[in-house]
Amino acid sequence: MAKGESVAGSDIPAGGFVQLLTPDGERIDTVTTADGTTYSVDFTDEEYRGLYRDLVTVRRLDSEAVALQRQGELGIWASLLGQEAAQVGSGRALRPQDMAFPTYREHGVLYCRGIDPIMPFGLFRGVDQGGWDPNEFKFNTYTIVIGSQTLHATGYAMGVTMDGKTGSADGEAVIAYFGDGATSQGEVNESFVWSGVFNAPIVFFCQNNQYAISEPLERQTRVPLYQRAGGYGFPGIRVDGNDVLATYAVTRAALDNARNGQGPTLIEAYTYRMGAHTSSDDPTRYRNGSEVEAWKAKDPISRLKAFLSKQKIAKKDFFAEVDASAQAQALHLRERVLEMPDPQPVTLFDNVYPNGSPEIDAQRAAFAEYQASFEGSAH
Amino acid sequence: MSRIKEFNLPDLGEGLTEGEILAWLVKVGDTIELNQPIVEVETAKAAVEIPAKWGGVVTRIFHEAGTVVEVGKPIIAIDTQPGSSEEPPAPASSPAPASAPAPSPAPASASSPAADEAEAGLIGGPAPGGRTAVLVGYGPRTTSATRRPRIGTPVASTTATTPTPPPAAAEVRPAAPVGPAQETVAPVVRTGPVLAKPPVRKLARDLGVDLTTVNGTGPLGSVTRDDVHLAVSSPAREPAPTAASPATAVFDASREQRIPIKGVRKLTAENMVASAFTAPHVTEFLTVDVTRSMKALEKLRKRPEFEGARISPLLLVAKAVLLAVKRHPMVNSSWSGATGEIVVKDYVNLGIAAATERGLIVPNVKDAGRLTLRELAEALNELVRTAKSGKTPPADMSGGTLSITNVGVFGIDTGTPILPPGESAILAFGAIRPTPWVHKGKIRIREVTTLGLSFDHRIIDGELGSRFLRDIGAFLEDPEATLLSWT
């Protein structure tokens, strides 16, 4: 298709957004925004197919987690259904040295970082505290408290600058994920202030999925969220969050700006949470079926599939193979989740101090002895 | 290991204790796949579909639709290896140990579930009616509440060390109705320490109750708040009273029906209480001659614009309300104590109270003031039809700004309706009866009805309420002339 500007149309929010792939699967070659920035992607056929595989796989793994929760095997689950493109597009735009700060819903970003998808299940199954080494994976722990990770990310990003790791084409950048509801939190606004003032190498990636649990977007803001960035002194841009290509292009450009020392960017990925906020929520109580139907037509996976088919980049056998592979991964994940061992009570003394302490050691020994005083005890 | 597996109702939200089976999507004998939706369950938080945990053949469904099931209880049994050469499924006597009542505590096993025993130490303890009070995030444990016995240690008062059942008091299970049975139990005098939580101890001290004389019905025989209150109210706290008085034998439980408070009934009750105790209500009445309205309806029915439309007196009442709101916008408002504001709405989402099989609901016609009379007629019919079929979507029930309750359809003259929460006025529309009435100086038989308007006196003064009601009456007395003069 032709070169375009920020698209505006019936299904598109006022003010438009960057879109490179329409819901019908039509490619828009380049998009130039009002400030003169041009966005495009130049993927090989193999890379296009890879993105499709990512989208299908993260959706399938997510649906398995939803089922496991309904079957009593997980305490709770926050589904990413509908937000696959926002997560895969931004996750694939990260370079190995970049650091990501997720919320509790970024299963797709985690997957794109090459991390074993089982990692967060200990938290949701209640067999561990959801702790892992953020430095090992360049992926911070899931943060449940709304918005607080944006401050952690800001501090981390300021540290990157102090370490002299910005200012080059191969510099380091930080991405902080949060939702539309988090933009009403003080922490998020504080992190905007600090990042702006200190020119921190950070990308604020807001997945605007239209609802803060049950509170609709119009109760969160009077201006489009991306426009808030102007008040803090850095650029904001809105992208079609159901378009994996545009999300990739916009995130990559923002990350490159950050690593080059150009400071923060706020990205509003305009998307929709097709499922419940978490497994404890019932969205039919606060939104209309017609609204959900309208968003179904903008599905991130079906538009990429339509594009791949039309361009003959992929055929039926490829799609079938991806589905089968995702299914096999989901069943494998299920088996491993069911096999997760329950933690032993003494493990609560682990990870209190990095190198232990005499006091904790004594408490652990006493507690182990107490546990061992019961019949049939393994300890 | 049995090839027939029983699936227990899981905690579907965070800290839920029960769920209602809405509908089974499979039946006994069906072959099902892993993750195939099998049942819809409604909890306090959400109505959800549960996917099958195993593939196989359904051998038993434990509860019919409409049943409220405790978390942790089996709901379905699935033969996971159908067609294998083992004995055919014998659903009636399911071998799975988890579901057997198994009175023996099976001491050595750490995994013996006592599914219906609440865990000791829950905040608040089991609440009346058998429900366990839950604050946030953590539900009652539905797995084992029993402890493994200690090795070679003396008997501790709170730990069962032998396979004998725990003290009688600890056996009162959450599911057992709290009631007369307790009052007939003789007060105990114990020697050991009394188990009670600090707030309960304070309550007992405040009320002058000696905890050692109170029967504990909480976990491990601990004394609960209810026990303390019961001890105060019980006429005989001293030595055991004689058996139940003769009167109680006549009105025993077999002659009482216990209906769980849930669903629409529960919601209605909460709304009524919330409204009745926050908004000071005033109700005014006006009796009006609606003969001309009835004639106007007849004329409307004959007009081509209304061909095929079902129109009723409710339509004109609705129109009267909408026109009167335009003249008195303040009645279409809500009290926002949180922000210290009165929110006056420029749109009328007109609620119509509807009696349905599931109870009272008040769906509303959105932005009813913008509809033509024909559109309004269709919207009202659609609203009532949907409500009767039980399919009213939640969005139709929220956001109402002003409501009408049509008690006339029950043959009632009028009433003093309670405001739906968030609304400031509600009109009761009574039966229309042929009545002797002074018309143009002579007594005539006229069609007469009585309107009752309840309003929130914090926002609407008597004068405004009276003018609003007077205008509704004026319209119904002469709709054609009123329409011409007001619009």
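The values are calculated or read from the model by the stated rules, or taken from the named source; none is laboratory data. As the structure is a prediction and not an experimental result, all values here were calculated from the model. Cβ: placed from backbone, ideal geometry, glycine included. Neighbour counts: every protein chain shown. Protein only, heavy atoms only, side chains kept; ligands, DNA and RNA dropped before computing areas. Shrake-Rupley method; radii C 1.70, N 1.55, O 1.52, S 1.80 Å.
Name the pairs: first residue in region B:242-271 and of a type in the set (A, V, I, L, M), second residue open to solvent by 90 Å² or more (accessible area, probe 1.4 Å) and at pLDDT 70 or above, Cβ to Cβ under 9 Å, at least 6 apart or on different chains?
These pairs meet every condition: B:259/B:265; B:264/B:358; B:269/B:261.
Which of the numbered conditions does residue B:60 fail, given that it passes all the others? Conditions: (1) open to solvent by 60 Å² or more (accessible area, probe 1.4 Å); (2) within 14 Å of chain A (Cβ to nearest Cβ); (3) of a type outside the set (S, T, N, Q); (4) outside any loop (DSSP other than H, G, I, E, B).
In the conditions (1) open to solvent by 60 Å² or more (accessible area, probe 1.4 Å); (2) within 14 Å of chain A (Cβ to nearest Cβ); (3) of a type outside the set (S, T, N, Q); (4) outside any loop (DSSP other than H, G, I, E, B), residue B:60 misses (2) alone.
How many residues does region A:220-239 contain that are outside any helix (DSSP H, G or I) and closer than 18 Å to residue A:35 by Cα? Reasoning before the result, please.
Going residue by residue through region A:220-239, those that are outside any helix (DSSP H, G or I) are A:220-224, A:233-239.
Subsequent filtering for residues that are closer than 18 Å to residue A:35 by Cα retains A:224, A:233-239.
Count: 8.
Residue A:109 passes all but one of (1) within 14 Å of another protein chain (Cβ to nearest Cβ); (2) open to solvent by less than 20 Å² (accessible area, probe 1.4 Å); which number fails?
(1)
For residues that are in contact with an Asp or Glu (Cβ under 8 Å, 6 or more places away or on another chain) and farther than 15 Å from residue A:67 by Cα, scanning just region B:25-43, find the one that is farthest from the other protein chains (Cβ to nearest Cβ).
Step by step, filter region B:25-43, then rank; the result is B:25.
Can you tell me which of A:131, A:72 is touching a residue at least 40 places away in the same chain (Cβ under 8 Å) and surrounded by fewer than 21 Cβ atoms within 10 Å (Cβ to Cβ)? Before you say what the answer is, go through the steps one by one.
Working: A:72 fails: touching a residue at least 40 places away in the same chain (Cβ under 8 Å).
One residue alone meets the criteria, A:131.
Is it the case, given these coordinates, that residue A:276 is more than 15 Å from residue A:207 (Cβ to Cβ), under 18 Å from the mean Cα position of the chain (by Cα) and within 14 Å of chain B (Cβ to nearest Cβ)?
yes
Going by the conditions given, is residue A:51 in a loop (DSSP other than H, G, I, E, B) and either within 14 Å of chain B (Cβ to nearest Cβ) or open to solvent by less than 20 Å² (accessible area, probe 1.4 Å) (or both)? So that I can check it myself, show each step before the final result.
On the way: in a loop (DSSP other than H, G, I, E, B): no; either within 14 Å of chain B (Cβ to nearest Cβ) or open to solvent by less than 20 Å² (accessible area, probe 1.4 Å) (or both): yes.
Spelling it out, it is not the case that residue A:51 is in a loop (DSSP other than H, G, I, E, B) and either within 14 Å of chain B (Cβ to nearest Cβ) or open to solvent by less than 20 Å² (accessible area, probe 1.4 Å) (or both).
Considering only strands (runs of 3 or more DSSP E) fully contained in region B:394-480, which possess at least 1 residues that are among the acidic types (Asp, Glu) and within 24 Å of residue B:298 (Cβ to Cβ)? Give the derivation first.
Values: elements: B:402-405, B:425-429, B:433-439, B:442-456.
In region B:394-480, the matching strands (runs of 3 or more DSSP E) lie at B:442-456.
Any chance region B:300-321 includes a residue that's closer than 18 Å to residue B:460 by Cβ and under 35 Å from the mean Cα position of the chain (by Cα)? Reasoning before the result, please.
Narrowing region B:300-321 to residues closer than 18 Å to residue B:460 by Cβ: B:320-321.
In the following step, the residues that additionally are under 35 Å from the mean Cα position of the chain (by Cα) were identified as B:320-321.
Yes.
The conditions are (1) away from every other protein chain (no Cβ under 11 Å); (2) part of a strand (DSSP E or B); (3) of a type in the set (D, E, K, R), and residue B:49 fails exactly one of them. Which is it?
It is condition (1) that residue B:49 fails.
Within region B:16-44, track down each residue that is outside any strand (DSSP E or B) and crowded, with 19+ Cβ neighbours inside 10 Å.
Across region B:16-44, the qualifying residues are B:16, B:17, B:35, B:43.
Of the residues that sit in region B:350-403 and are acidic (Asp, Glu) and away from chain A (no Cβ under 14 Å), which one is surrounded by the fewest Cβ atoms within 10 Å (Cβ to Cβ)?
Taking the candidates together, the pick is B:357.
Check residue A:286 against each of (1) farther than 22 Å from residue A:77 by Cα; (2) among the aromatic types (Phe, Trp, Tyr); (3) within 14 Å of another protein chain (Cβ to nearest Cβ) and name the one condition it does not meet.
Status for residue A:286: all satisfied but (1).
If I filter region A:242-260 for residues that are assigned to a loop (DSSP other than H, G, I, E, B), of a type outside the set (Ser, Thr, Tyr) and surrounded by fewer than 24 Cβ atoms within 10 Å (Cβ to Cβ), do I get at least one hit?
For region A:242-260, residues assigned to a loop (DSSP other than H, G, I, E, B), of a type outside the set (Ser, Thr, Tyr) and surrounded by fewer than 24 Cβ atoms within 10 Å (Cβ to Cβ): present.
Just one of the numbered conditions (1) closer than 21 Å to residue A:307 by Cβ; (2) surrounded by 15 or more Cβ atoms within 10 Å (Cβ to Cβ) is not true of residue A:33; which one?
(1)
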